[in-house]
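Coordinate-derived values only; no laboratory data. Note that the coordinates shown come from a computational prediction; the quantities given were computed from them, not determined experimentally. Reconstructed Cβ throughout: ideal geometry from the backbone, glycine too, with neighbour counts over all protein chains shown.
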Amino acid sequence: MRPHKSLLPPMGLILMATLCGFAAEGTRPIPRLERTGNQYRLLVDGQPFLMLGGQAHNSSASNPQDLEPVWRSLVGIHANTAEVPLYWELIEPEPGKFDFHLVDEILAGARRNGLRLVFLWLASWKNGEMHYTPEWVKRDRGKFRRVVGPRGEELMILSPLCEAARDADARAFAALMQHIRSVDEPDRTAIMMQVENETGLLGTNRDYSEEASRLFRAAVPAELMAYLDRHRDGLSASLQAAWSEASFRKSGTWTEVFGELAPEAFSAWHIAGYVDAVTAAGKQAYPLPMYANVWLINPGNERAGRWPSGGPTEHVLDIWKAAALHIDLLAPDIYLPKYVETCAAYSRPDNPLFVPEVMPQPHFAANVFLTLAQFNGLGFSPFGIDNFVEKGAVTSAAAEFEDSYRVLAPLIPLITRYQYTGKLHAVVQDIDPAQVIRLGKKLAAVVEFTKPYNPEGPRGRGMIVELAADDFVVVGAGFRADFRELEGPPRDAELLSLEEGTVEGERWVPTRRLNGDELHVTLPEKAHTLRVRLLR
Ligand code: DGJ
């Protein structure tokens, strides 16, 4: 069947936007996060981009050969972005002596496989500790001070108050960014940087060194109080609650202002300040978008220290916003069942959603639709994808990720155009066997899932894009959608045409016309894309 009817603005406009996006002839513009009011778009080569990602295991980037399964897996699941770690300990094995050969290998591997890169800078922090610092940092405890725990013991964590550590990390990160700029400017393979990994203090709620305790007993910095006061209505629920206990007082010690939350708030302020200094140094060399990822509070964690205290959890997200002005966004690693609640907490007017790690299990694959459609997310990525393809085939653990990315990849221009319009609707199976999706005032899609809900297994998943009041793209797997009128007597809307197909650039490309026995909007177990036109 021939391509027909444009889904996007006319080609002339797109072409103009593309040309305007390019800095100069022959060069690609630097990837950047564009904010328009409270809407965000990640621009790559001047065009809105969504990261259909996958993250390599922690140790896969110390030897380029270990990355081969990573590339294979990512290509196999139709990902467009690889998240790959870089290690401070290998990049700066001796102070001031840098070795970037792994960076170059990774860039070359990603390019060979048509992938973009998000680099993860594993440096002062990795999962609330300091295991990726160079040996010369680990050995010199005098210069590179550690966090002291409540019993006076030194922990495997650099103190966020240690300026020597902060400056050394910042220098290394700046050198890295300078290097990436020097080798990647023509290609822009690297599109984003994660600065540190899951910051915070694991095993203690704050640093109990003398210096830290003195600062903890002193007043909360006026700058932070002023920020919280200015943003009082938009604060996270936990911070609101803690501060309201203190009647929103505008000054005082950490304990007077934040009560029980004080050690975590204090740690957040200092860690965020440290990470911001590292980020600022890197951006000065090469200003790619940069984010910090989050170890979330797990069910059953009774207090800070069980999760890394002072990392950008929901408790102290606003303190990070006040202290870390160079960090573009705070990104939750979601391994927990409360996916929607977590996305809601991290998609705010001051924070677009990006989910850089999810559990690599079939159940989690459906969440890509929630992330992009319901929360206007910039990207999504299962963790530890190295073996998603084995013996030339996508494994069963990876099948739903592959199936979802396959149909989503061509829809990226469409999705980015409709984000923030209220016209993208996620369809994701939960315990209910059916779901009603309102499409304006006069129409609803009643979604029924094909298989019973299985909390371990794959789920019905997809999205509906409202192109017009009578024109929809329905994509996904494992459900049936009936379009029902909401005015007059209850009845199904009349189908004018039903096509299977895909989107190429701005065009709908039908591959099959459905009618007769097939005239119903059914998305089988393997994902499809349908165009549904109604007679209204
Ligand atoms: C979250 C961390 O950010 C990753 O680097 C990795 O350690 C995973 N946890 C393991 O589940």
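Quick check: Cα centre of region 477-536 to Cα centre of region 219-267, how many Å?
Centre-to-centre distance over Cα atoms comes out at 51 Å.
Do you know the relative contact order of the chain, to the nearest whole percent, from alpha carbon pairs under 8 angstrom that are 6+ apart? Intermediate results must be reported in sequence, preceding the final value.
Numbers: 1200 pairs, mean separation 80.7, N = 536.
Contact order relative to length: 15 percent.
Suppose a student asked you for the relative contact order of region 399-536, using Cα pairs under 8 Å spaced at least 6 residues apart; what percent would you report?
Working: 280 pairs, mean separation 34.5, N = 138.
Contact order relative to length: 25 percent.
For the chain, what does the helix formula give at 222 nm: sum of -39500 (n - 2.57) over DSSP H segments with n ≥ 4, over the residue count, nearest 500 deg cm²/dmol?
-8500 deg cm²/dmol
Let's see if you can work this out: charge +1 on each Lys and Arg Cβ, -1 on each Asp and Glu Cβ, no other charges. What is the dipole magnitude of region 187-303 about its Cα centre, in debye to the nearest 20? Walk me through the numbers before you get to the answer.
On the way: 10 positive and 15 negative charges, 53 e Å.
It works out to roughly 260 debye.
Leaving out same-chain residues fewer than 8 places away, which lysines sit with a Cα under 21 Å from that of K441?
Leaving aside lysines fewer than 8 places away in the same chain, those within reach of K441 are K423.
Using the Cα centre as the reference, give the magnitude of the dipole from point charges on the C-beta atoms of the chain (Lys, Arg: +1; Asp, Glu: -1; all else neutral), rounded to the nearest 20 debye.
Using only the charged Cβ atoms, the result is roughly 940 debye.
Ranking R459, R145, R72 by Cβ neighbours within 10 Å, fewest first, what do you get?
Ordered from fewest to most neighbouring Cβ atoms within 10 Å, R459, R145, R72 come out as R72, R145, R459.
Taking the dipole about the Cα centre of the chain, with the C-beta of Lys and Arg at +1 and of Asp and Glu at -1, give me whichever of S60, F483, H78 is farthest to the positive side.
Of the options given, the answer is F483.
Please state the Cα pair-distance histogram of region 303-411 with 5 angstrom bins from zero: what percent is in each bin?
2, 11, 21, 20, 18, 12, 8, 5, 2, 0
Normalised by the empirical 2.2 N^0.38 Å for globular proteins, what value does the Cα Rg of the chain take?
1.02
What is the antiparallel percent of DSSP beta bridges lying wholly in the chain, to the nearest 5?
70
Assuming 0.890 mPa s and 25 °C, estimate D for region 283-362 with Stokes-Einstein, Rh taken as the Kirkwood radius over Cα pairs, in µm²/s.
Here the translational diffusion coefficient equals 182 µm²/s.
Considering the convex hull of the alpha carbon atoms of region 238-331, report its projected area averaged over all viewing directions, in nm², one decimal.
Result: 6.2 nm².
Counting pairwise Cα distances across region 33-110, what percent come out greater than 16 angstrom?
60
Please report I319, I334, I431, I77 as a ranked list, fewest other C-beta atoms within 10 angstrom at the top and most at the bottom.
Going from sparsest to densest Cβ surroundings: I431, I334, I77, I319.
Within straight cross-link reach of K451, meaning Cα distance under 19 Å, which lysines are found once same-chain residues fewer than 8 apart are removed?
K526
State to the nearest 20 debye the size of the charge dipole of region 126-176 about its Cα centre, where the only charges are +1 on K and R beta carbons and -1 on D and E beta carbons.
Once rounded to the nearest 20, the dipole reads 60 debye.
Would you list the membrane-span-like helices of the chain, meaning whole DSSP H runs whose alpha-carbon atoms span at least 24 Å along their axis and whose mean Kyte-Doolittle value is at least 0.0?
Helix filter hits for the chain: 262-285.
Please list, ordered by chain and number, the residues whose modelled amide H lies under 5 Å from the amide H of L467; skip anything fewer than 5 residues away on the same chain.
For L467, the qualifying residues are F472, V473.
State, as an integer percentage, the relative contact order of region 270-393 based on alpha-carbon contacts under 8 Å between residues 6 or more apart.
21
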